[in-house]
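The structure appears below as structure tokens.
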Amino acid sequence: MLKALADPRRYELLERIAKAGCPLGCAQALEALPISAATLSHHVKELETAGLIEVRREGKFAYLSLKAGVLKALAANLAALDTESCTRDARQPPPVEKQQN
């Protein structure tokens, strides 16, 4: 997911999808972004493969929406990586736990 979001255009596309509030048509996304249709298609595929968006197809039209709960879950997983400040001197090795026999 983070790899997909690392591209500035994909992140911008995801932002536009989120701010639309309801499914965003690919035609509207294409009008809003300075990219070709082929490039938009590539970015949509990357976001969909990463599990960030859903694509609903109706005939020749496609509508993009955020996958429910995915961004909240990603944010929670990232927040779980945040640790308390270290209270020991960083130059000292961590204490070794003694094994009980």
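Read-outs throughout are calculated quantities, based only on the coordinates presented, and are distinct from any laboratory measurement. None of these values were measured; they are calculated from a predicted model. In this analysis, Cβ positions are derived from the backbone assuming ideal geometry, glycine residues included, and neighbour counts consider all displayed protein chains.
Filtered by the rule that a residue be among the acidic types (Asp, Glu), in contact (Cβ under 8 Å) with a residue 12 or more places away in the chain and in a strand (DSSP E or B), region 29-86 gives a lone residue, GLU54. Selection within region 6-36: residues that are aliphatic (A, V, I, L, M) and surrounded by 17 or more Cβ atoms within 10 Å (Cβ to Cβ). The member of this set that is nearest to the chain's Cα centre (by Cα) is LEU14.
Among the residues here, LYS3 qualifies as in a helix (DSSP H, G or I) and touching a residue at least 12 places away in the same chain (Cβ under 8 Å).
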